[in-house]
Ligand SMILES: Nc1ncnc2c1ncn2[C@@H]1O[C@H](COP(=O)(O)OP(=O)(O)OP(=O)(O)O)[C@@H](O)[C@H]1O
Ligand SMILES: [Mg+2]
């Protein structure tokens with residue numbers, strides 16, 4: 001139940017307010033002196049203060065109320081304070097409202113007005129507290145993920161990314177083969193590093209093979225090595241393959257969907273037995289490698305068409321990490337964009353809106369390229385034009401027919417984790433317009 005502390009030397013004020021508030025499920029506490037009031041505040045659990053301006057029958061200046069207000073502010077900068085004052089102290093009360101008191105009402109007060117003011121402030125306190133808890137929770141989770149892990153400079157803010165990273169870090173500890181899937185530029189390679197550098201074999205080598213870049217006739221030699229003269233161009237020295245190089249560590253098979261069927265068969269055999277032969281050699285070699293593979297191809301679709309071996313698919317896919325497209329994790333966009341921006345540069349608000357509105361078919365790589373190019377073309381602040389993104393298809397903010405109301409704004413702020421630019425973009429408002437509306441509705445900015 002919300003709790004209001006009434007600080008007033010006149011007990012009848014407390015009695016009247018207690019009756020009024022109890023009808024509206026608000027608990028009322030009372031203190032008859034400023035000292036008692038401050039002591040109660042110290043104990044916590046109070047959401048709002050209603051304070052008198054004079055605490056002695058023989059004083060009328062309101063000076064005591066001013067002092068008390070300052071003391072409350074000093075100890076508790078966010079505590080909403082409503083001043084209840086005789087008409088004679090109205091001027092002092094107005095000054096205090098300028099100094100941050102929430103409101104003032106003249107005695108005798110109007111119950112209806114007082115209750116409306118109290119309810120508004122309690123709602124604000126509640127929303128602010130929820131937002132704070134939400135942010136604190138986010139920060140704790142973020143610290144927990146960063147603690148004792150090597151995130152390879154991964155930038156993330158979206159809940160979808162947080163969930164994926166949490167899973168990735170769990171999976172990294174196991175020795176399951178991991179298949180990382182996701183569209184172009186979504187961070188598959190980055191996650192392959194996260195897999196290795198948080199695994200039990202992180203001290204071992206991390207060897208990446210881009211299956212797409214290997215000429216078909218060299219795949220075997222690349223993966224398994226070759227003895228001199230094993231094939232034309234094999235050279236005259238024995239050569240170790242990637243499997244041997246990755247012994248005791250991680251082998252990252254990138255673009256696994258491009259491996260031809262002949263290579264797939266050979267790969268399957270090593271994965272099943274851990275054994276293989278160098279090209280042109282009869283002796284078997286044995287290695288222990290953690291296999292992480294990645295693809296942007298639709299492997300199940302390829303299996304259906306006979307272009308990818310189903311048994312290999314299950315071998316590689318001990319667990320799948322599915323990276324969402326950037327557009328599916330919008331809260332990552334601005335943090336990533338700022339991360340790619342050289343120090344000391346920043347985006348204009350219109351540029352941030354444009355970044356949030358773009359669909360990013362090339363995902364994080366496209367974002368990085370757009371940001372870096374725009375930084376070359378700009379001096380200090382990056383304007384929307386420098387991003388050279390396609391113009392928005394939908395109507396600009398000023399012609400939004402339905403003005404967002406309090407609940408829409410609060411919901412958007414919540415979703416955006418308090419990031420105003422993002423909430424503004426979601427609501428189709430400029431940041432200034434959102435500020436103005438928040439001020440009008442009394443929604444705190446922090
Ligand atoms: N969350 C992130 N934080 C920081 N940098 C990132 C993040 N995601 C991707 N990057 C960077 O974006 C670029 C593209 O990412 P990456 O190469 O990992 O994508 P990919 O999924 O392997 O792409 P492709 O399908 O084209 O191979 C890289 O420079 C990478 O470091
Ligand atoms: Mg890649």
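The values are calculated or read from the model by the stated rules, or taken from the named source; none is laboratory data. Predicted model only: the values in this text are computed from it and were never measured. Cβ: placed from backbone, ideal geometry, glycine included. Neighbour counts: every protein chain shown.
One line per residue, one yes/no per condition, for (1) touching a strand residue (DSSP E or B) at 6+ places or on another chain (Cβ under 6 Å); (2) at pLDDT 95 or above; (3) assigned to a loop (DSSP other than H, G, I, E, B):
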position: 190; (1), (2), (3): no, yes, no
position: 196; (1), (2), (3): yes, yes, no
position: 200; (1), (2), (3): no, yes, yes
position: 220; (1), (2), (3): yes, no, no
position: 229; (1), (2), (3): no, no, yes
position: 252; (1), (2), (3): yes, yes, no
position: 267; (1), (2), (3): no, no, no
Do we find that residue 148 is without any contact (Cβ under 8 Å) to a residue 12 or more places away in the chain, under 23 Å from residue 292 (Cα atoms) and away from ligand 1 (no atom under 14 Å from the Cβ) in this structure? yes
Might you check whether a residue that is within 16 Å of ligand 2 (Cβ to nearest atom) and part of a loop (DSSP other than H, G, I, E, B) occurs anywhere in the range 362-381? yes
Scan (1) surrounded by 19 or more Cβ atoms within 10 Å (Cβ to Cβ); (2) more than 38 Å from the chain's Cα centre (by Cα); (3) touching a residue at least 24 places away in the same chain (Cβ under 8 Å) for the single condition residue 222 breaks and write down its number. (3)
What about residue 214, is it within 16 Å of ligand 2 (Cβ to nearest atom) and not assigned by TED's automatic domain parsing to the domain that holds residue 318? no
For the range 154-188: of the residues being in a loop (DSSP other than H, G, I, E, B) and within 16 Å of ligand 2 (Cβ to nearest atom), which is surrounded by the fewest Cβ atoms within 10 Å (Cβ to Cβ)? 184
Test set (1) within 29 Å of residue 186 (Cβ to Cβ); (2) at pLDDT below 95; (3) surrounded by fewer than 16 Cβ atoms within 10 Å (Cβ to Cβ) - residue 386 fails condition number: (3)
Given (1) within 16 Å of ligand 1 (Cβ to nearest atom); (2) assigned to a loop (DSSP other than H, G, I, E, B), index of the condition residue 212 fails: (2)
Wholly within the range 290-354, which helices (runs of 4 or more DSSP H) include no fewer than the required count, namely at least 2 residues that are touching a residue at least 12 places away in the same chain (Cβ under 8 Å) and touching a helix residue (DSSP H, G or I) at 6+ places or on another chain (Cβ under 6 Å)? 310-316, 333-340
Of the residues in the range 269-282 that are over 41 Å from the mean Cα position of the chain (by Cα) and assigned to a loop (DSSP other than H, G, I, E, B), the one that is nearest to ligand 1 (Cβ to nearest atom) is 278
Hey, among the residues in the range 247-260 that are more than 30 Å from residue 301 (Cα to Cα) and surrounded by 14 or more Cβ atoms within 10 Å (Cβ to Cβ), which one's farthest from the chain's Cα centre (by Cα)? 247
Criterion first (surrounded by 13 or more Cβ atoms within 10 Å (Cβ to Cβ) and without any contact (Cβ under 8 Å) to a residue 40 or more places away in the chain) does residue 117 satisfy it? yes
When residue 248 is evaluated against the numbered criteria (1) assigned to a helix (DSSP H, G or I); (2) more than 16 Å from ligand 2 (Cβ to nearest atom); (3) modelled with pLDDT of 95 or more, which criterion, by number, is the only one it fails? (1)
If we keep just the residues of the range 294-342 that are more than 13 Å from ligand 1 (Cβ to nearest atom) and under 19 Å from residue 387 (Cβ atoms), which is surrounded by the fewest Cβ atoms within 10 Å (Cβ to Cβ)? 342
Test: residue in the range 220-230 that is away from ligand 1 (no atom under 16 Å from the Cβ) and closer than 21 Å to residue 189 by Cα: yes
In the range 172-209, the residues that are within 18 Å of residue 290 (Cβ to Cβ) and within 9 Å of ligand 1 (Cβ to nearest atom): 180, 188, 189, 190, 191, 192, 193
Which of the following residues is touching a helix residue (DSSP H, G or I) at 6+ places or on another chain (Cβ under 6 Å) and assigned to a helix (DSSP H, G or I): 121, 20? 20
Filtering the range 231-245 for residues that are assigned to a loop (DSSP other than H, G, I, E, B) and either touching a residue at least 40 places away in the same chain (Cβ under 8 Å) or more than 19 Å from residue 284 (Cβ to Cβ) (or both) leaves a count of 8
